[in-house]
1. Quick check on my filter: what residues within the range 100-156 are under 19 Å from Arg18 (Cα atoms) and of a type in the set (Asp, Glu)?
2. Of the residues Tyr46, Tyr25, which single one is hydroxyl-bearing (Ser, Thr, Tyr), open to solvent by 80 Å² or more (accessible area, probe 1.4 Å) and within 22 Å of Asp72 (Cα to Cα)?
3. All but one of (1) over 17 Å from the mean Cα position of the chain (by Cα); (2) more than 19 Å from Glu11 (Cα to Cα); (3) not polar (S, T, N, Q) hold for His32, so report the exception by its number.
4. Quick check: anything in the range 56-77 in contact (Cβ under 8 Å) with a residue 40 or more places away in the chain, open to solvent by 10 Å² or more (accessible area, probe 1.4 Å) and under 11 Å from the mean Cα position of the chain (by Cα)?
5. Residues to consider are Thr149, Thr134, Thr154; find the one that is open to solvent by 60 Å² or more (accessible area, probe 1.4 Å), closer than 18 Å to Leu26 by Cα and at pLDDT 90 or above.
6. If a residue has to be hydroxyl-bearing (Ser, Thr, Tyr) and touching a Phe, Trp or Tyr at 6+ places or on another chain (Cβ under 7 Å) to count, how many in the range 12-65 make the cut?
7. State whether the residues of the range 79-98 include one that is modelled with pLDDT of 65 or more, surrounded by 12 or more Cβ atoms within 10 Å (Cβ to Cβ) and among the aliphatic types (A, V, I, L, M).
8. Do you know which of the residues in the range 36-77 that are touching a helix residue (DSSP H, G or I) at 6+ places or on another chain (Cβ under 7 Å), β-branched (Val, Ile, Thr) and assigned to a helix (DSSP H, G or I) is farthest from Ile131 (Cα to Cα)?
Amino acid sequence: MKASDEAEFTEFAAAMIRRLRRTAYLMCGDWHRAEDAAQDALVKVYRRWNRIDRTHGLNSYAHQCLVTSVFDQSRRPWRRERLVDADDRAGVLDDPAGSVDDRMFVVEALAALPPSQRACVVLRHYGDLSIEQTAAVLGIGVGGVKSQTSRALTRLRELLDQTERSAP
């Protein structure tokens with residue numbers, strides 16, 4: 001890779017790593033897996049850097065690689081089924097406004113969704129991708145994105161409503 005391409009990739013990676021990591025976290029509910037998925041996605045982007053359309057397709061391709069990495073991780077037999085542990089909740093008691101609690105409830109509700117629905121919601125509403133971009137990233141049709149997102153949002157409302165009712 002040329003030095004100019006290397007510098008351009010480094011700039012892209014530095015700008016995207018946090019966004020990719022947060023997106024992956026919302027999809028899998030584990031910061032360690034999210035970090036791995038974000039790094040895997042950037043490795044895939046690096047390998048194809050010279051062939052990617054950097055004017056329009058770069059962010060979409062990075063998100064597509066990220067989704068693939070998260071889905072691949074979930075199929076691995078050594079994966080641990082842990083959503084929240086004591087370390088993740090360490091700051092909850094120090095949060096008088098309850099914003100950490102609210103975020104944890106949302107992450108737990110997202111984790112209860114099937115992977116395809118979770119991916120649609122995260123990419124559409126957190127990643128701020130259009131319906132068409134989400135469809136391209138996931139490799140499904142626009143109608144599939146709409147129906148998966150609709151089902152996911154309905155289920156999230158139910159889950160969060162149950163959480164709200166059960167809160168003290």
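The values are calculated or read from the model by the stated rules, or taken from the named source; none is laboratory data. Since we're looking at a predicted model, the values are computed, not measured. With ideal geometry, Cβ positions are generated from the backbone for all residues, glycine too; neighbour counts draw on all protein chains shown. Ligands, DNA and RNA are stripped out before the accessible areas are found, and what is left, the full protein with its side chains, is counted by its heavy atoms. Shrake-Rupley method; radii C 1.70, N 1.55, O 1.52, S 1.80 Å.
1. Answer for the range 100-156, where residues must be under 19 Å from Arg18 (Cα atoms) and of a type in the set (Asp, Glu): just Asp128.
2. Tyr46
3. So the condition that His32 fails would be (1).
4. The initial filter retains those residues of the range 56-77 that are in contact (Cβ under 8 Å) with a residue 40 or more places away in the chain, namely 58-60, 62-64, 66-67, 69-71, 73-74.
Checking which are open to solvent by 10 Å² or more (accessible area, probe 1.4 Å) leaves us with 58-60, 64, 71, 74.
Restricting the remaining residues to those that are under 11 Å from the mean Cα position of the chain (by Cα) gives 64, 71.
Yes: the range 56-77 contains one or more residues that are in contact (Cβ under 8 Å) with a residue 40 or more places away in the chain, open to solvent by 10 Å² or more (accessible area, probe 1.4 Å) and under 11 Å from the mean Cα position of the chain (by Cα).
5. Of Thr149, Thr134, Thr154, the one residue that is open to solvent by 60 Å² or more (accessible area, probe 1.4 Å), closer than 18 Å to Leu26 by Cα and at pLDDT 90 or above is Thr154.
6. Residues in the range 12-65 being hydroxyl-bearing (Ser, Thr, Tyr) and touching a Phe, Trp or Tyr at 6+ places or on another chain (Cβ under 7 Å): 3 in total.
7. no
8. Val45
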